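Nothing in this text is a laboratory measurement; each read-out follows from the coordinates by a stated rule. All figures in this text were calculated on a predicted structure; none of them were measured in a lab. Note that we place each Cβ from the backbone using ideal geometry, even for glycine, and neighbour counts take in every protein chain shown.
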């Protein structure tokens, strides 16, 4: 079995189509693939239709607020027809558009025009700051996306606008209502101390969350081992995924991330009852 339970298409901030992801998954000999676009499930139908021998797991990645901090929660095995998830995603996408419009107004104040026309020309359903960074690079306002976030889109940036997304409890509740498994995405990438991360996982579990990602692209061995211990300590399953966005990024690929070690495998998400139901 070879799986990737976290990747993105052009319906959110990925650069490729669902069919490209499926082709790459086939080339890389995956058995299971989950599409987890940000606040969006538009790519799931075509992926299921064209899956062939690969088992497709319906997924999504929700942006959620834990206090004032944005945390990403992956939902796996969700029912995309759930009224609860559909309503939440519609609200999330509306908030994303409102944020983009606020950034557009800030850009216009400093003489930069055309953002919303650019965004509306894209195949995406869920606008992200990554798209806006691409616009700033295209317009030669910034040298690269990293500079765009540092000088314009980050919290201290010239055109920053705050996110306004669902709470952690609301996001997990929607995933559970859609019969899914809630997973904290890439927990080692948040600017959290060990104490704060432990507190986040306690709150997440209290909401009904069941898993964390224990391996993903570019994770270091120390973080990977620590997340494995945390999952054991808090009785959480371990999920895995590349967080693939762009074929041009050579450091990542569908199915490319360090394998769980033998100790961690006993908590692997493919041992969850929903994997076999």
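Which FRET efficiency, nearest 0.05, do residue 194 and residue 249 yield, Cβ-Cβ r, R0 30 Å?
On the way: r = 29 Å, r/R0 = 0.97.
Taking R0 as 30 Å, the efficiency between residue 194 and residue 249 is 0.55.
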Segments 166-172, 146-152 sorted - mean Cβ within 10 Å per residue, highest first: 166-172, 146-152
Global geometry of the range 1-118, whether rounded, prolate or oblate, following the gyration tensor of its Cα atoms and the 1.5 cut on a/c: prolate
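Would you mind getting me the FRET efficiency between residue 45 and residue 90? Use the beta-carbon distance for r and R0 = 25 Å, nearest 0.05. Walk me through the numbers on the way to the answer.
On the way: r = 17 Å, r/R0 = 0.67.
Efficiency for this residue pair is about 0.90.
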Protection proxy ranking, peptides 131-137, 4-10, average beta carbon neighbours within 10 Å, highest first: 4-10, 131-137
Per-peptide average of other Cβ atoms within 10 Å, ordering 53-63, 259-269 highest first: 53-63, 259-269
Pair-distance profile P(r), taking every C-alpha pair of the range 1-55, with 10 angstrom steps and integer %: 26, 61, 12
Contact order relative to length of the range 98-153, as percent, for alpha carbon pairs under 8 angstrom and 6 or more apart: 25 percent
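Over the chain, what relative contact order in percent results from Cα pairs under 8 Å that are six or more residues apart?
Working: 502 pairs, mean separation 58.4, N = 277.
Contact order relative to length: 21 percent.
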At q = 0.10 Å⁻¹, base-10 log of I(q)/I(0) for the chain (Debye sum, equal scatterers on each alpha carbon): -0.50
Estimated FRET transfer efficiency when R0 is 35 angstrom, pair residue 218-residue 167 (beta carbons, to 0.05): 0.75
Whole-number D in µm² s⁻¹ for the range 98-153, Kirkwood Cα-pair radius fed into Stokes-Einstein, 37 °C, 0.692 mPa s: 293 µm²/s
Rg/Rh ratio calculated on Cα atoms of the range 127-277 (Kirkwood radius): 1.01
The range 130-277: relative contact order in percent, alpha carbon pairs under 8 Å with at least 6 residues between: 16 percent
